[in-house]
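Asks: Encoded as structure tokens, here's the structure I'll be asking about.
The values are calculated or read from the model by the stated rules, or taken from the named source; none is laboratory data. These numbers come from a predicted model, not from an experiment. Here the Cβ positions follow ideal geometry from the backbone for every residue, glycine too, while neighbour counts run over all protein chains shown.
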Amino acid sequence: MKKYLLFLIAASGFVSASTAQNSQPKKIVADKIVAVVGDKVILKSDIDNSIVDMERQKIEIPVNGRCLLLEQAMGIKALVLQAEKDSIPVTDEEVETIIDNRIRAFISQFGSKEELEKVAGKTIYQLKEDFREPIRDQELAKAMRNKVVENVRITPKEVNEYYNTIPTDSLFLYESEVEISQIVSYPKASRDAEEYVVEQLKEFKAQIESGKNDFASLASIYTQDPGSKETGGQYDVNRNSKELDPVWLGKAFSLKPGQVSAPFKTKFGYHIMQLISRAGDDASVRHLLLIPQVTSYEIKDEIDKLDSVRALLMAGTMDFGAAVARYSNDDAHKFTAGQITGNDGSTYVTIDQLDKDLVVMLKELKVGQYSQPREYVDERGRKAVRIVYLKTRTEPHRENLKDDYDRISQRALEQKKNQVLEQWFNKKVVTYFILVDDEFKSCPEMAKWLSGPGSVKN
């Protein structure tokens, strides 16, 4: 089980894009139960869909892949059984949020809600129903696993012992990496600039309502939201989403179908919005975003302000984290003391993970230095000013305890957690009713599942 079970939980189990890709009519084949753990069943289609999804993601499938996938699925069911017995809470709201995120990802992948429904052969509502039980199981399994290993700790001696078991030629090779933090400040546009975009949006609203222009065409040309420009400003949203701006989301559920809102403000700029359709807590909307232009005067004021902040940092009279809390209005990094993290959550990032302006700034910095305040444009097209602090810069190297202790200790801890989890399974498996289809009984992975008194061997 070990790393495979953990991989499955992390990779969302059987809730995959294959659910949304069965677009072509196929010969109907009766599904069948291939395993039972307690009162939880695993279907042949679960295994088949996981194989399809691994192929789609170009994940190498081991020779005994089907056996491993069944073992993983049974492991998740065992964790779910115990989670239910221990009354570990997973709320409907948590499950709905994950489902909404999954649906949004599929819509982004396929281009529109209509295309997703066409490809899947199902409505969004039906897809959500298909996802609900697997996602709930996935979250219960993660919560139960966390409970089993929550008290596992690692000592420096154990980290050293783990490191010494790794063959030298198997140690990771790392590129040059940096640890950096930033203070980002967005200058406020002038009142005239704000009034100008409001008047533009009022004109767009009038054109839409008069039939002179349609919302999608205007959004495709004028919106400054890169995430919806190619879809004519369209988004599919859920009322309970925690990821969207609450003002923007509230507007989506205050309109009538076809109605175009008056211009309204969020932290991203000014918008108009049109409700396309609404069904319960789900809605389809179009929006058009305009960002008031910031002039060189506002930029200079912001540079002067951050220059004073830099002086305090260099004098040691202000801590960088405190400066971030007081002066930064960058939501993405405000609660990490300005630290930029990699895709895996690591504080170390490679140069190719940074924006080009930041790469240029780093060339001028030595470790421990603060940059001059510098203007840049963020990923949403907004002008900002920032100070960058270079905490660490590593040279390309082979992994070692001196430079990479945190990474090595994290892997050692995960290995220890896996061992504890394996011991937990060995104790629990014998207490469950277990049924395995003849097709899988010869799998070596099934031996321990079929060794308990509750297993059905014939």
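Asks: Of all residues being of a type in the set (D, E, K, R) and more than 18 Å from GLN419 (Cα to Cα) in region 144-176, which is modelled with the lowest pLDDT? Just the residue, please.
Replies: GLU175
Asks: Does any residue of region 424-431 turn out to be within 34 Å of the chain's Cα centre (by Cα) and at pLDDT 90 or above?
Replies: Yes.
Asks: Is there a residue being in a helix (DSSP H, G or I) and either loosely packed, with under 14 Cβ neighbours inside 10 Å or of a type outside the set (A, V, I, L, M, F, W, C) (or both) anywhere in region 176-190? Break it down into steps so the answer makes sense when it comes.
Replies: First, the residues of region 176-190 that are in a helix (DSSP H, G or I): none.
The answer is no, given that none of the residues of region 176-190 is in a helix (DSSP H, G or I) and either loosely packed, with under 14 Cβ neighbours inside 10 Å or of a type outside the set (A, V, I, L, M, F, W, C) (or both).
Asks: Are any residues in region 260-307 outside any strand (DSSP E or B), among the hydroxyl-bearing types (Ser, Thr, Tyr) and closer than 15 Å to TRP248 by Cβ, and if so, which ones?
Replies: Matches in region 260-307: SER261 only.
Asks: State yes or no: is VAL63 in a loop (DSSP other than H, G, I, E, B), more than 27 Å from VAL430 (Cα to Cα) and modelled with pLDDT of 80 or more?
Replies: So VAL63 passes the test.
For every residue, the table says whether it meets (1) more than 15 Å from GLU177 (Cα to Cα); (2) touching a Ser or Thr at 6+ places or on another chain (Cβ under 6 Å); (3) not basic (Lys, Arg).
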site: ILE303; (1), (2), (3): yes, no, yes
site: MET314; (1), (2), (3): yes, no, yes
site: ARG326; (1), (2), (3): yes, no, no
site: GLN339; (1), (2), (3): no, yes, yes
site: SER346; (1), (2), (3): no, no, yes
site: THR350; (1), (2), (3): no, no, yes
site: ASP355; (1), (2), (3): no, no, yes
site: VAL359; (1), (2), (3): no, no, yes
site: GLN372; (1), (2), (3): yes, no, yes
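Asks: Same structure, new question: Specify which of the listed residues (ILE291, ILE299) is in contact with a Gly (Cβ under 6 Å, 6 or more places away or on another chain), under 30 Å from ILE221 (Cα atoms) and not basic (Lys, Arg).
Replies: Of the residues listed, the single one that is in contact with a Gly (Cβ under 6 Å, 6 or more places away or on another chain), under 30 Å from ILE221 (Cα atoms) and not basic (Lys, Arg) is ILE291.
Asks: Further, regarding this structure: What is the number of the single condition among (1) touching a Leu at 6+ places or on another chain (Cβ under 9 Å); (2) without any contact (Cβ under 8 Å) to a residue 40 or more places away in the chain; (3) under 29 Å from VAL37 (Cβ atoms) that GLN126 does not meet?
Replies: Failed condition: (1).
Asks: How do the pairs read when you match residues in region 431-454 that are without any contact (Cβ under 8 Å) to a residue 40 or more places away in the chain with residues anywhere that are in a helix (DSSP H, G or I), using Cβ under 9 Å and keeping only pairs 6 or more apart or on different chains?
Replies: Partner pairs satisfying both residue conditions: SER442/CYS67; LYS448/PHE425; LYS448/ASN426; LYS448/VAL429; SER451/VAL429; GLY452/VAL429; GLY454/VAL429.
Asks: Which is assigned to a loop (DSSP other than H, G, I, E, B) and more than 22 Å from PHE106 (Cβ to Cβ), of LEU255, LEU218, LEU244?
Replies: Within the list LEU255, LEU218, LEU244, the selection yields LEU255.
Asks: Further, regarding this structure: Of all residues in region 395-406 being loosely packed, with under 15 Cβ neighbours inside 10 Å and among the charged types (D, E, K, R), which is farthest from ILE166 (Cα to Cα)?
Replies: So the residue we want is GLU395.
Asks: Any idea how many residues of region 207-224 are closer than 29 Å to ALA279 by Cβ and either in contact with a His (Cβ under 7 Å, 6 or more places away or on another chain) or among the aliphatic types (A, V, I, L, M) (or both)?
Replies: Adding up the residues that qualify gives 4.
Asks: Another question about this same structure. Just checking, how many residues over region 68-87 are surrounded by fewer than 18 Cβ atoms within 10 Å (Cβ to Cβ) and either in contact with a Ser or Thr (Cβ under 6 Å, 6 or more places away or on another chain) or on the phi < 0 side of the Ramachandran plot (or both)?
Replies: Qualifying residue count, region 68-87: 3.
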